[in-house]
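Let me begin by presenting the structure, written as C-alpha cells, before commenting on it.
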Amino acid sequence: MAILLGLGHWYRRTGCKMELPGLAFAVWLSICFCASVDGYPNGKVRQVCASMIPCHGASPQLPPEHTITVNVTEFKPGDNIEVNLSGPDFEGFFIQARDAEHLDSPAVGSFTLADRRLSQLLTCGHTKNSAVSHTSKTKKKHIRVYWIAPGDAPNRVQFLATVVKKYKTFWVKIPGPIVSQPNALSPTTEAVPTSLPVSHLSKPFNASGCGSTKFCIRNPSNCDAASASCFFLSFQREGSSVLIEMSGPSEGYIAFALSHDQWMGGDDAYLCVNEDHRVRVSAASLKGRSSPLWDSEDALEDVSWRLADGVLQCSFRRSILLPAYKGRFNLDANYYIFLADGEASEGGLIYKHHRQPLITNGAYNVTGLPQDIGGSRSPRLIKAHGALMFVAWITTVSIGVIVARFFKPVWSHSFLFGKEMWFQVHRTLMLTTVMLTSIAFVLPFIYRGGWSQQAGYHPYLGCTVMALTIVQPLMAGFRPSRHAPRRQLFNWFHWSTGTSARILAVVTMFLGMDLPALDLPDPWDTYTMIGFVVWHVGVDVLLEVHSYWLVRKVELVEDDRVQILQSLTSAEAEGRQFKQVVLAIYVCGNIGFLTAFLAAISQI
C-alpha cells in the first residue's frame, strides 16, 4: 500500500496524464499478483522446525497416506537407525525425531543422507542436521535417511514427518514408530501422572445461572447450552477458584483463550481435545498464529468430560491466581475472550480452525459481575470491508449503470449543476463506488498487517477489481469529445472495463462470503447473491426490450431524418414514466438485497 501511495504522490508531482492509466494498472497488478507466498520447492523450510506445518494457505489432510518405518525397535546412544518414508507420489517432506513423551519438544539427534539428490540436512534449533527435507519438487515415492542417536537421547524417540503431495494437499506430523533405549519403561508400565483423576459428565450443561451466578458466553446468542448447535462457555467463581464449563458441536477440539487484545498471540488458552474417543483437557500458551504450546495439566483440577451426539463437553477448575505456572493469567482481570473449534487427528494433533474464532466485543472480568454475552466471529474491520463492498457493487454501481444506459433520452433535457442530469447522477454514483471500494480495499490489509496467504483467489480478484475501478474514472477523465474520431474507441474501452469490473466484483463477493473472517450463513448467502444477479439481469433485459419496442413503434419516414428524430424523441417521452417506475422499483429491490446482506453481517 505504501508503494501505491507513493505512486499517487509521484503522479501529482510530475503531472503525468495520458500514460498513468496503463502504468497504474500494471503497477497495481504486479503488486497484487507478485505478493510473496510461503512456498519452498528447494526445501529450505527451517522456519517451520517447531510446528512442522507448511504455510500453504490450506488445512492438513486426514488420514495420512504415507508411512514411516525403521529397521530396529531399540537403540543405544551413537547407533545409526535406518528411517524410511514411503507412499504415493509426493513433492516435499520434512522429517524429525522427537521425544515420544513430549512431541512438542525440539528435535533430537542428527541425520545422515542416503541420496543427496532427493534429500538435504537442515539445522533446527541448536542441533545440527536434526531434520531432513526435499531438495526439489521432483516426484518421489520413497526416501531413506539414517538417524544418529545422541548421547543425551530421551528413553523413547518417535519419528515424525510432514509430507506435501502438492501445494495445498499435505499431511502434518505423520506419526512414525517409537524406538526405545533398552532400559526405558514400556508404555504399559509408565509412571502415571500425579494429576487428579478424570471423571465423566453425565448430562449436558445448562445456562440456568447465566447472568446471575455465572459469567457465560453463548454462540448463537442465548442458545440452549444443551443444544447440539450451541457453543457454550461459563465461569463460576467459587472462593479462590473458578469452575469452567465448555461445550460445542465438535468431534475434534474446542478451546478458549484469554487475551489482552483481539489478536491471536501471547494468550492463555485451554483446550479440550478428542484423542481416540477420550478427551484431553489441558492448558496451553499461544505464540502468534503457530500451534499452541502445551503446558502441564497439574494447574487444572476436577477435570470431567463427555462425548455424545457430536457434542464435546469438558469442565475443570483452576485457581484465580497461579503464580507458580508461567503463562497462566490472573483471572481477576479484564480480558478479551476467544472461543474456537476445529479438527484433531486420532493422535490428538490439532489443526487450525476452519472458521474465525468467536471474539468478545470487549474485555471482561470473568470473576466479576456475572453476565450473559455473545461475541462476533467476524472482526469489525472485515465486517466493514464486506459492508462497503456490498454498498458499492450492489447499489451505487448497479444503479449508475442503469441510469447511463437507459436514461440518457429521458433526462437529456434536464440539467443539474450545468450538466445533463443523467450524467451527473451517473458520475456521482460511480465516484461513490470508487471511494467506497478504495476504503474497503485497504481494511483487510490493516487487519492482516499484510497479504493474506489463506484467502484463496479472493484477494487476487479483489486487487484486479480495485485496479479496474481506478482505471475507469482515469479513463473517463481523458475521454475525447462527443464527435471526435476516437470517441467510439473510448466508448468501447469504457464499457468493457466497467463490465469486467462488475463481473469480477460479483465473483469476488461470492468467494469472500465463505471465507472464515466473513462466514455468512450458507446456503443463504449463495441464494441471495444469485437472486441479486438474476434481479439485475432481469431489469436490464426488461429495459432493453422496452427500448426496442419503442424504436419499433416509431413510424420511420424514408430520407426524412428530422421526422425520424422527432418520432424517436416522442417515443422516448411516452416511455419516460415506465422507465422511472422501473428505476424506482429497481432501487428499492437493490436496497432490499443490501439490507439483507448488512443484516447478516451484523449477526456474525
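For region 242-294, which whole percent of the accessible surface, found with a 1.4 angstrom probe, sits on carbon and sulfur atoms? Walk me through the numbers before you get to the answer.
Values: 960 of 1960 Å².
Ligands and nucleic acids excluded, carbon and sulfur reach 49 percent.
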Looking only at lysines whose Cα falls under 16 Å of residue 352's and that sit 8 or more positions away or on another chain, we get 168, 173, 287
For region 81-137, dividing by residue count, accessible area per residue (probe 1.4 Å) in Å² works out to 42 Å²
Carbon/sulfur accessible area of region 351-402, % of total, 1.4 Å probe, equals 63 percent
With all protein chains in place and a 1.4 Å probe, residue 276 shows an accessible area in Å² (nearest 10) of 90 Å²
Carbon plus sulfur, as percent of the 1.4 Å-probe accessible area of region 425-474, comes to 72 percent
Rounded to the nearest 10 Å², the accessible area of residue 178 using a 1.4 Å probe with every protein chain kept is 60 Å²
Rounded to the nearest 10 Å², the 1.4 Å probe accessible area of residue 203 is 140 Å²
Region 391-455, convex hull of Cα, quarter of hull surface, nm² -> 5.5 nm²
Ranking 432, 69 from most to least accessible area with a 1.4 Å probe gives 69, 432
Using the Kirkwood radius over Cα pairs of region 414-554, the Stokes-Einstein translational diffusion coefficient at 25 °C and 0.890 mPa s, in µm²/s and rounded to a whole number, is 137 µm²/s
The summed charge of the residue 203 Cβ neighbourhood (under 15 Å; Lys/Arg +1, Asp/Glu -1) stands at -2
Rounded to whole Å², per residue accessible area for region 222-305 with a 1.4 Å probe reads 40 Å²
Of 301, 251, ordered by accessible area with the largest first and a 1.4 Å probe, the sequence is 251, 301
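Do you know the relative contact order of region 79-138, to the nearest whole percent, from alpha carbon pairs under 8 angstrom that are 6+ apart?
Relative contact order of region 79-138: 33 percent.
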Ranking 545, 157 from most to least accessible area with a 1.4 Å probe gives 545, 157
For region 453-492, using Cα atoms only, the Rg and Dmax in Å read 15.3, 49
Reduced to Cα centres, the span from region 221-241 to region 315-337 in Å works out to 18 Å
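The values are calculated or read from the model by the stated rules, or taken from the named source; none is laboratory data. Only a predicted model underlies this, so the values are computations on that prediction, with no experimental measurement involved. Reconstructed Cβ throughout: ideal geometry from the backbone, glycine too, with neighbour counts over all protein chains shown. Heads up: the accessible areas ignore ligands, DNA and RNA and are worked out on the full protein's heavy atoms, side chains in. Shrake-Rupley method; radii C 1.70, N 1.55, O 1.52, S 1.80 Å.
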